[in-house]
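Asks: So that we are looking at the same thing, I have put the structure below in structure tokens.
The numbers here are math on the coordinates, done by the rules we state, and not lab data. Everything quoted here is computed from the prediction, not taken from an experiment. Because the Cβ atoms are built from the backbone with ideal geometry, glycine has one as well, and the counts that use them run over all protein chains shown.
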Amino acid sequence: MVQMFIYANMETIGSMYTQQMFDLTRTETTQFNSVLVSLSGFIGFAFLLTYVWTKLGKR
């Protein structure tokens, strides 16, 4: 649920915010936000693997 909220915000206002704050072109903004979304996905996947391997739900 939280990850979906983050993605929704990144997709709707993230590009405009990034472009204004860092004075980037549209291409640079797209590349920057793509990296951020990818990192968010990798972190989420790492948490999922940690949850599965360590069986945190059973403690």
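Asks: So which DSSP H runs in the chain come out at 20 Å plus along the axis (Cα) with average Kyte-Doolittle of at least -1.0?
Replies: Result, helices passing both filters: 26-54.
Asks: Hey, any idea what Rg/Rh is for the chain, computing Rh the Kirkwood way over Cα pairs?
Replies: 1.16
Asks: Taking other Cβ within 10 Å of each residue's Cβ, how do Tyr51, Tyr7 sort, fewest first?
Replies: The order, fewest Cβ neighbours first, is Tyr51, Tyr7.
Asks: Still on this structure, please answer the following. Calculate the spin-label point distance for Ser38 paired with Phe5, positioning each point 7 Å from the Cα along the beta-carbon direction, and give it in nanometres.
Replies: Using points 7 Å along Cα→Cβ, the separation is 2.7 nm.
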